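The values are calculated or read from the model by the stated rules, or taken from the named source; none is laboratory data. Values in this document were obtained by computation on a predicted structure and should not be read as measured data. All Cβ positions, glycine included, derive from the backbone under ideal geometry; neighbour counts span all protein chains shown.
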Amino acid sequence: MMGTVQYGTTPIVYSVQFRTRRTLGIEVHPDRSVVVLAPAGIAPDVIRQRVLRRGAWITRQQRYFERFLPGRPAREGIAGETWSYLGRRHVLRIRRSDQPCVKLTRGELIVYLPDTTDRALVKRQLAAWYHAHTRKRFNAEVLAALEILRAHHPVRTPKLAYRTMLRRWGSCTAAGVLVLNPDLVQTPVMCIRYVILHELCHLVHHHHGKAFYNLLERVMPDWKRWKDRLERSV
Ligand SMILES: [Zn+2]
């Protein structure tokens, strides 16, 4: 069964799957489809009302997944593009200089190179700049987060690894390896801190149970704000 509700100016299309369950659940999938898991026999109007009530959350999830859909313009290293770093947007500028380098100034990310038409070198320079800055920033944030966490619970220092992941900002393996998505460096510092603290809390609790959230709440009382911001920033 399919349905549609109008949430503000946004139509939300959803499909309903009837299950043997007592409560109604809503899922937003990475392709942005909305699936309602409903107890058999529930009135269509009750489903519609519930979808409408969760409208803010549903559209937020859809926006979040939009980021990963094909067709998003890739950044090509062309002057005028927007490049994000620590939650700020910078316009890419390309200037001529015998000494290749990258500089970040207010609102501008400037690539200097001998031949301004050498797009491959522009992209290589930008990749190297992001690589270096991501590592430096994440290392410092992990150390700061460990200090905060250790005031509440002893943990060992995890190994740090980087992996570009489609739908995750970070993870923490049972063996104690903290994996961070380098794309996270595009988001505000507090969002980076939230992801790191969240993952480090998994060194103590390997689940998302009550004890996990109690600890997260203690190490970052306003974590929800930054989680929210993270979902909106992408
Ligand atoms: Zn988690």
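Contact map, the range 18-36: residues that are without any contact (Cβ under 8 Å) to a residue 60 or more places away in the chain paired with residues that are assigned to a loop (DSSP other than H, G, I, E, B) and surrounded by 13 or more Cβ atoms within 10 Å (Cβ to Cβ), Cβ distance under 7 Å, separation 6+ or inter-chain. Pairs shown: Leu24/Ile42; Ile26/Arg54; Val36/Leu24. Screening the range 197-229 for residues that are within 13 Å of the ligand (Cβ to nearest atom), assigned to a helix (DSSP H, G or I) and touching a residue at least 24 places away in the same chain (Cβ under 8 Å) and picking the one that is nearest to the chain's Cα centre (by Cα) gives Lys227.
Only residues that are hydrophobic (A, V, I, L, M, F, W, C) and farther than 16 Å from Glu147 by Cβ: list them for the range 191-215, please. First the steps, then the outcome.
Of the residues in the range 191-215, the ones hydrophobic (A, V, I, L, M, F, W, C) are 191-192, 195-197, 200-201, 203-204, 211-212, 215.
If the condition is that a residue be hydrophobic (A, V, I, L, M, F, W, C) and farther than 16 Å from Glu147 by Cβ, then Cys191, Val195, Ala211, Phe212 are the ones that fit.
Only a single item in (1) loosely packed, with under 13 Cβ neighbours inside 10 Å; (2) of a type in the set (Ser, Thr, Tyr); (3) under 30 Å from Ala128 (Cβ atoms); (4) touching a helix residue (DSSP H, G or I) at 6+ places or on another chain (Cβ under 9 Å) is not met by Thr10, and it is number (3).
Being of a type in the set (Gly, Ala, Ser), away from the ligand (no atom under 15 Å from the Cβ) and surrounded by fewer than 20 Cβ atoms within 10 Å (Cβ to Cβ) is the requirement here; does Gly107 meet it?
Values: of a type in the set (Gly, Ala, Ser): yes; away from the ligand (no atom under 15 Å from the Cβ): yes; surrounded by fewer than 20 Cβ atoms within 10 Å (Cβ to Cβ): yes.
So Gly107 passes the test.
Residues that are touching a residue at least 12 places away in the same chain (Cβ under 8 Å) and either among the small types (Gly, Ala, Ser) or buried (at least 16 other Cβ atoms within 10 Å of the Cβ) (or both) within the range 72-85 comprise Gly77, Ala79, Gly80, Trp83, Ser84, Tyr85, listed in sequence order.
Where residues in the range 176-196 are of a type outside the set (Val, Ile, Thr) and within 16 Å of the ligand (Cβ to nearest atom), which of them is modelled with the lowest pLDDT?
If we filter the range 176-196 for residues that are of a type outside the set (Val, Ile, Thr), which is where we start, we get 176, 178, 180-184, 186, 188, 190-191, 193-194.
Then keep just the ones that are within 16 Å of the ligand (Cβ to nearest atom); that gives 176, 178, 180-181, 184, 191, 193-194.
Values: Gly176: 88, Leu178: 95, Leu180: 95, Asn181: 91, Leu184: 92, Cys191: 94, Arg193: 96, Tyr194: 96.
Checked the range 176-196; the qualifying residue modelled with the lowest pLDDT is Gly176.
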